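Here is the structure we will look at.
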Amino acid sequence: MVILTWGITRSIENSLIDFLSSKIITTGLTLLNDNGVAVTPNVYRGKQVNLNWNLPLIQVYYDDKLQPRLELGTNLRMTSYSILIEIRTLLSGQEIDLADWVESQLNNGCAYYTYTPSLTPDNPTKTLAGHVNIDFQSSNQVNLGDNVDKFDKYRYRIALKTWIN
């Protein structure tokens, strides 16, 4: 019996999440909450916001895949994966600062791991399998006005084009 490993898309998402989570811990990164208390940002995977998530947060998720032919007359493909990173904070301006920090950390890319599910779903086995290269496609604030919930009030979106070496 063969256990299906996670595909490239999920492996890229999780490699980015592991990288950012590790950087947050090693740098001791914190932001002030609305009570003036320093809190550590969380990193989550998923397109939909979970109301149980804690702010401030970095949300990572797959958007789409491009697979143009490498050259005419071949079936070889140059596959790239679009990943979105949403920054959501409690105080105005923090979303910009946290986005700047994320971009500086990801500038050189990160290690790429393949993941195989284990008996503990939250703790898959990971194997180093290359490097995630990153091009920043866009980086801008998401302004939805003042009558929005706390997850959308101070929000920033970074779009990445990624590929594996």
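Every number here is computed from the coordinates shown, using simple stated rules; none is lab data. Computed from a prediction, not measured in an experiment: that's the story for all the values here. Using ideal geometry, Cβ is built from the backbone for each residue, glycine included, and neighbour counts are taken over all protein chains shown.
What the table below lists for this structure:
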{"item": "Those aspartates and glutamates that a straight Cα-Cα span of less than 19 Å connects to LYS23, excepting residues fewer than 8 apart in one chain", "result": "GLU13, GLU86, GLU95, ASP97, ASP100, GLU103"}
{"item": "Gap separating the Cα centres of the range 116-165 and the range 63-109, nearest whole Å", "result": "8 Å"}
{"item": "Under 21 Å from the Cα of LYS150 - lysines, other chains or at least 8 residues apart", "result": "LYS47"}
{"item": "Helix 94-106 axis, angle to the chain major axis (alpha carbon atoms, nearest 10°)", "result": "30 degrees"}
{"item": "Gyration tensor verdict on the range 58-141 (Cα atoms; rounded if a/c is under 1.5, prolate if a/b is larger than b/c, oblate otherwise)", "result": "oblate"}
{"item": "Where labels lie 7 Å past Cα in the beta-carbon direction, separation of ASP149 and LEU29 in nm", "result": "2.4 nm"}
{"item": "Chain lengthening between THR79 and ASN42 when straightened (0.36 nm per residue, less Cα-Cα)", "result": "10.4 nm"}
{"item": "Listed peptides 12-23, 109-120 by packing density, highest first (mean Cβ within 10 Å)", "result": "12-23, 109-120"}
{"item": "Residue among SER21, ASN54, THR9 farthest towards the positive dipole end of the chain, charges placed on Cβ", "result": "THR9"}
{"item": "Label-to-label distance, nm, for residues given as ARG69 and ASP100 (7 Å Cα→Cβ offset)", "result": "4.6 nm"}
